[in-house]
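The values are calculated or read from the model by the stated rules, or taken from the named source; none is laboratory data. The model shown is predicted, which means the values in this text are computed figures rather than measured ones. Don't worry about glycine lacking a Cβ; one is built from the backbone with ideal geometry, like all the others, and counts go over all protein chains shown.
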Amino acid sequence: MANRSAPRVASSPVTRAVRAGLGADTAHRAVMPPIHLSTNFFFDAPGVYAKYDYTRTANPTRDLAAETIAELEGGCGAVVTSSGMSAIAVSTRLLSAGDLLLAPRDCYGGSYRLFSVEANRGAYRVEFVDLRDPGSLELARRLRPRMIWIETPSNPHLRITDIAAWARVARDVGAVCVTDNTFLSPVNQRPLEFGADLVVHSTTKFLNGHGDVVGGAVVAADEGLLEEVAWWTNAMGASGAPFDSYLTLRGMRTLHARSRVHEENAVCIVDLLNRSDVVARVHHPSLPENPGHEIARRQQMGWGSLVSFELRGGRAAVDAFVDRIEHFALAESLGGVESLVAHPWTMTHASMDEPARLAAGIGEGLLRLSVGIEACEDLEADLKRALSRAEAVAGVAGETVVRRWRSVARRG
């Protein structure tokens, strides 16, 4: 019989993700770790505390998921929360009234809404800036924020922010540097290696990867920050549920394998979109002409599988495209095995007012694809049909504009 008493520690994150918690069941010797759904745990005596007493505070299944996420990100530990937004909320609890949060102008609509509302009620101050602008680094040094929020690649334009540069500024001004790594996952980017203090995830997305869990996580670089975030998570009741943690752990076992297929498909689709006459612009860091291409090459291990693009013909072309598409479900979220298409103007960023959306560069012709792991040839054929329909509508719209212009010119 093989010796199970002293298993070797796996060096590869791929192996660690697959084998997380295997053999942890000493009661029945189950291969896969059991799920602990109990709300509460026995006390030995009044005032005698064990590691587990109440699941909101600590739970074995949730702890295993947190340990796995922290290992993948290279952090000292993590907390697992009930959603990506609750992960963002507990991170910003490190701020006090009067503290300044510096955030990207083009961040996820839910983040923008939370930051704005919290600032309006006086929880902290917020300043939205273009983090890609070199001048914003000097602005940060003058403003001396307490927290710098990074989202790279950004949602929905996939704009790239230099994590190392902003982490240096954060250290210089005494700020906490937080990076939302949801779009790439630790397979393709590890922000802590570039100086970030906290990493935030919506585990709903790539980490779970199957569209059946809502969850979040915060990974910390040091114990002090971890304790503070964990305290707020418990105090706010933002902890993730054991069953959701179990499903997230199951999802992470295939994260690296899924990510390879996601990206292979996305690269093909970027090429297809780049060759389409109805596509005005493709946003993806793999493209050499993308402004963030070189930074992405330095700080990412892969390009990711989110693709956004702008259609000629605006909203009419968008409506025609989504009406014709079949293998890309019109739905929010991303990172699942299934391919999705989202219209940021009416979906993910609808909570932003129109001036804020326009300032972030979000127009009605913008679409965001989350490329799944279906057969690439099926996805490409589907996109070709939808693009053809959009092109027909965009052509009609263009002809109408020309006819109107000529009519006005004749009247003039």
Inset, instruction - Filter the stretch 61-75 for residues that are part of a helix (DSSP H, G or I) and farther than 21 Å from residue 214 by Cβ and give the result. - result: 71
Inset, instruction - Being over 17 Å from residue 304 (Cβ atoms) and of a type in the set (D, E, K, R) is the filter; apply it to the stretch 141-173 and report the residue that is surrounded by the fewest Cβ atoms within 10 Å (Cβ to Cβ). - result: 142
Legend entry - Test set (1) crowded, with 20+ Cβ neighbours inside 10 Å; (2) assigned to a loop (DSSP other than H, G, I, E, B); (3) at pLDDT 95 or above; (4) of a type in the set (D, E, K, R) - residue 106 fails condition number: (3)
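Please determine, by comparing only the residues of the stretch 116-140 that are farther than 23 Å from residue 168 by Cβ and hydrophobic (A, V, I, L, M, F, W, C), which one is surrounded by the fewest Cβ atoms within 10 Å (Cβ to Cβ). Full working, then the answer.
At the first step, the residues of the stretch 116-140 found to be farther than 23 Å from residue 168 by Cβ are 116-123.
Subsequent filtering for residues that are hydrophobic (A, V, I, L, M, F, W, C) retains 117, 119, 123.
Working: 117: 12, 119: 18, 123: 19.
Out of the qualifying residues, it is 117.
Just need a number here: residues in the stretch 86-106 that are within 22 Å of residue 188 (Cα to Cα) and in contact with a helix residue (DSSP H, G or I) (Cβ under 8 Å, 6 or more places away or on another chain).
First pass over the stretch 86-106, keeping only residues within 22 Å of residue 188 (Cα to Cα): 87-88, 104, 106.
Narrowing the set further to residues that are in contact with a helix residue (DSSP H, G or I) (Cβ under 8 Å, 6 or more places away or on another chain) leaves 88.
Within the stretch 86-106, residues that are within 22 Å of residue 188 (Cα to Cα) and in contact with a helix residue (DSSP H, G or I) (Cβ under 8 Å, 6 or more places away or on another chain) number 1.
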Legend entry - Residue check, residue 178 closer than 16 Å to residue 101 by Cβ, buried (at least 24 other Cβ atoms within 10 Å of the Cβ), in contact (Cβ under 8 Å) with a residue 24 or more places away in the chain and not acidic (Asp, Glu): yes
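Would it be correct to say that residue 80 is buried (at least 20 other Cβ atoms within 10 Å of the Cβ) and closer than 21 Å to residue 21 by Cα? Steps first, please.
Values: buried (at least 20 other Cβ atoms within 10 Å of the Cβ): yes; closer than 21 Å to residue 21 by Cα: yes.
In short, yes.
Against the definition (among the hydroxyl-bearing types (Ser, Thr, Tyr) and surrounded by 13 or more Cβ atoms within 10 Å (Cβ to Cβ)), how does residue 61 come out, yes or no?
So residue 61 fits the description; yes.
Is it true that some residue in the stretch 288-299 is among the polar types (S, T, N, Q) and within 20 Å of residue 368 (Cα to Cα)?
Let us first name the residues in the stretch 288-299 that are among the polar types (S, T, N, Q), namely 290, 299.
Now restrict to residues that are within 20 Å of residue 368 (Cα to Cα): 290.
The answer is yes; a qualifying residue exists.
Restricting the search to the stretch 7-48, which residues are among the β-branched types (Val, Ile, Thr) and either modelled with pLDDT under 90 or part of a loop (DSSP other than H, G, I, E, B) (or both)? First the steps, then the outcome.
Initially, the stretch 7-48 is screened for residues among the β-branched types (Val, Ile, Thr), giving 9, 14-15, 18, 26, 31, 35, 39, 48.
Of everything in the stretch 7-48, those that are among the β-branched types (Val, Ile, Thr) and either modelled with pLDDT under 90 or part of a loop (DSSP other than H, G, I, E, B) (or both) turn out to be 9, 26, 31, 35, 39.
Which one of these is under 23 Å from residue 214 (Cα atoms), hydrophobic (A, V, I, L, M, F, W, C) and either out of contact with any Cys (no Cβ under 8 Å at 6 or more places or on another chain) or surrounded by fewer than 20 Cβ atoms within 10 Å (Cβ to Cβ) (or both): 371, 393?
Values: 393 fails: under 23 Å from residue 214 (Cα atoms).
The unique qualifying residue is 371.
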Inset, instruction - Go through the stretch 303-354 and give me each residue that's more than 19 Å from residue 106 (Cβ to Cβ), of a type in the set (D, E, K, R) and out of contact with any Gly (no Cβ under 8 Å at 6 or more places or on another chain). - result: 319, 323, 324, 326
Inset, instruction - Please specify each residue of the stretch 269-289 satisfying the condition of being in contact with a helix residue (DSSP H, G or I) (Cβ under 9 Å, 6 or more places away or on another chain) and buried (at least 16 other Cβ atoms within 10 Å of the Cβ). - result: 269, 272, 273, 276, 278, 279, 282, 284, 285, 286, 287
